[in-house]
Amino acid sequence: MPDVLFSIYPWIKALHIMAVIAWMAGLFYLPRLFVYHAERAEVGSELDETFQVMEEKLLRVIMRPAMIVAWLAGLVMLGMGAFDWGAMWSWVKLGAVLAMTWAHIWMAARRKEFANGTNTRTGRQYRIFNEVPTILMFLIVIAVVVRPF
């Protein structure tokens, strides 16, 4: 790695970690909002509108930008040689990150259902889905730090 890239790598990595933390906070919180929204708010009520504002801003202001920055910083690090194409841990992380991105997209679609008044899922279903980002986070951290694969 050229000296310039070597010197900025820790900054890119720090940016990546901060973006992942912000993204994960949203991935943990949004399904919890959906639980309460599904269980306590009647369509068209003031509480329904409050939840819709909270969910939309969480996605638009925190989660989406954090996901984009996490992906961009990750791709920059990938281009700098941080990805070991021959190691299984790298592929496990990549697969889990793709699944995390799918979870984000799935949640964004559910937010639109709440906004349109067409949500059909229960609070229990959102509670179960709330575990998906946690499981993926465990998988990613173990793959990167412990590298058992």
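State whether one or more residues within the stretch 24-47 are among the polar types (S, T, N, Q) and not in a loop (DSSP other than H, G, I, E, B). Within the stretch 24-47, none of the residues are among the polar types (S, T, N, Q) and not in a loop (DSSP other than H, G, I, E, B).
Kindly check whether there is at least one residue in the stretch 31-39 that is farther than 18 Å from ASN130 by Cβ and either among the aliphatic types (A, V, I, L, M) or without any contact (Cβ under 8 Å) to a residue 24 or more places away in the chain (or both). The answer is no; no qualifying residue exists.
For MET100, the conditions (1) surrounded by fewer than 17 Cβ atoms within 10 Å (Cβ to Cβ); (2) in contact (Cβ under 8 Å) with a residue 60 or more places away in the chain all hold with the exception of (1).
Being touching a residue at least 12 places away in the same chain (Cβ under 8 Å), over 15 Å from ARG110 (Cα atoms) and not in a helix (DSSP H, G or I): is that true of GLY74 here? Against the criterion (touching a residue at least 12 places away in the same chain (Cβ under 8 Å), over 15 Å from ARG110 (Cα atoms) and not in a helix (DSSP H, G or I)), GLY74 does not qualify.
Among the residues of the stretch 31-72, what is the count of those that are among the small types (Gly, Ala, Ser) and under 15 Å from THR101 (Cα atoms)?
2
Name every residue in the stretch 114-131 that is within 22 Å of TRP23 (Cβ to Cβ) and touching a residue at least 40 places away in the same chain (Cβ under 8 Å), in order of residue number. Of everything in the stretch 114-131, those that are within 22 Å of TRP23 (Cβ to Cβ) and touching a residue at least 40 places away in the same chain (Cβ under 8 Å) turn out to be PHE114, ALA115, TYR126, ARG127, PHE129, ASN130.
Considering only residues that are among the β-branched types (Val, Ile, Thr) and surrounded by 17 or more Cβ atoms within 10 Å (Cβ to Cβ), look in the stretch 54-80 and name the one that is farthest from PRO10 (Cα to Cα).
Filtering the stretch 54-80 for residues that are among the β-branched types (Val, Ile, Thr) and surrounded by 17 or more Cβ atoms within 10 Å (Cβ to Cβ), the one farthest from PRO10 (Cα to Cα) comes out as VAL69.
The single condition among (1) in a helix (DSSP H, G or I); (2) within 23 Å of the chain's Cα centre (by Cα); (3) without any contact (Cβ under 8 Å) to a residue 60 or more places away in the chain that TRP89 does not satisfy is (3).
Output yes when any residue across the stretch 110-130 is under 12 Å from the mean Cα position of the chain (by Cα), loosely packed, with under 13 Cβ neighbours inside 10 Å and among the β-branched types (Val, Ile, Thr), and no when none is. No, the stretch 110-130 has no match at all.
Just the residues that are surrounded by fewer than 17 Cβ atoms within 10 Å (Cβ to Cβ) and under 17 Å from MET67 (Cα atoms), please, taken from the stretch 131-140.
Once the filter is applied, which keeps residues that are surrounded by fewer than 17 Cβ atoms within 10 Å (Cβ to Cβ) and under 17 Å from MET67 (Cα atoms), the stretch 131-140 yields THR134, MET137.
Coordinate-derived values only; no laboratory data. The model shown is predicted, which means the values in this text are computed figures rather than measured ones. Counting neighbours? That spans all protein chains shown, and the Cβs are built from the backbone with ideal geometry, glycine included.
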